[in-house]
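Take a look at the structure below.
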Amino acid sequence: MKKIAILNGPNLDRLGKRQPEIYGHATLADLEQAMRAEFGATTELEFFQSNYEGALIEKIAALADAKYDALVINLGAFTHTSVALRDALLGAHLPTVEVHISNIYHREDFRHKSFTAAACLAVITGLGLEGYHAAVRFLLKR
């Protein structure tokens, strides 16, 4: 059974409440429930969310040390600002897919640059919460 972690960054704990016109009405709990329904019988899933960069860095290292098979990340705004998270991903040596709920290329210019994408196998943007499912499906085929 593969072990895949889904990490969410700042403000994603506000899904369903924050800008539903962009992010929809589903919550992180809804996402976890849907993902466990689809993958739970065949995949060990771990979910983690933090608004703090250091907590995300520590979690990435802990998952690498625990020999997880892969990561799905949505680092929120840290995607566009954090060299430290990029370095953590590179140091973890885990296959990673970056997910964005909205299409970052239809948004403000500063969202078009991802510091973490180069540390990932793939980037999925604009598929809503389905992007997380697509990322896990992709990682399970590797």
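Odds and ends about this structure:
- Fewest-first ranking of 72, 136, 123, using other Cβ atoms within 10 Å as the exposure measure: 123, 136, 72
- Annotation for residue 22 and residue 138: the two label points, set 7 Å from Cα along the Cα-Cβ direction, are 2.2 nm apart.
- Relative contact order (%) - criterion: Cα under 8 Å, at least six apart; region: the chain: 26
- At 1.002 mPa s and 20 °C, Stokes diffusion of region 46-95 via Kirkwood alpha-carbon radius, µm² per second: 195
- Short to long, the 10 Å bins of the Cα pair-distance histogram for the chain hold 12, 47, 36, 5, 0 percent of all pairs.
- J(HN,Hα) series, region 91-96, from Karplus relation 6.51 cos²θ - 1.76 cosθ + 1.60, nearest Hz, glycine and proline x: x, 6, 6, 10, x, 9
- Projection of the Cα convex hull of region 22-72, averaged over all directions and equal to a quarter of that hull's surface, yields 4.5 nm².
- Over all other residues within a Cβ to Cβ distance under 15 Å of residue 4, the charged ones net out to +2, with Lys and Arg as +1 and Asp and Glu as -1.
FYI, it's all coordinate maths here, none of it is from the lab. Keep in mind the model is a prediction, meaning the values are calculated, not measured. Quick reminder, even Gly has a Cβ in these numbers, built from the backbone with ideal geometry, and neighbours come from all protein chains shown.
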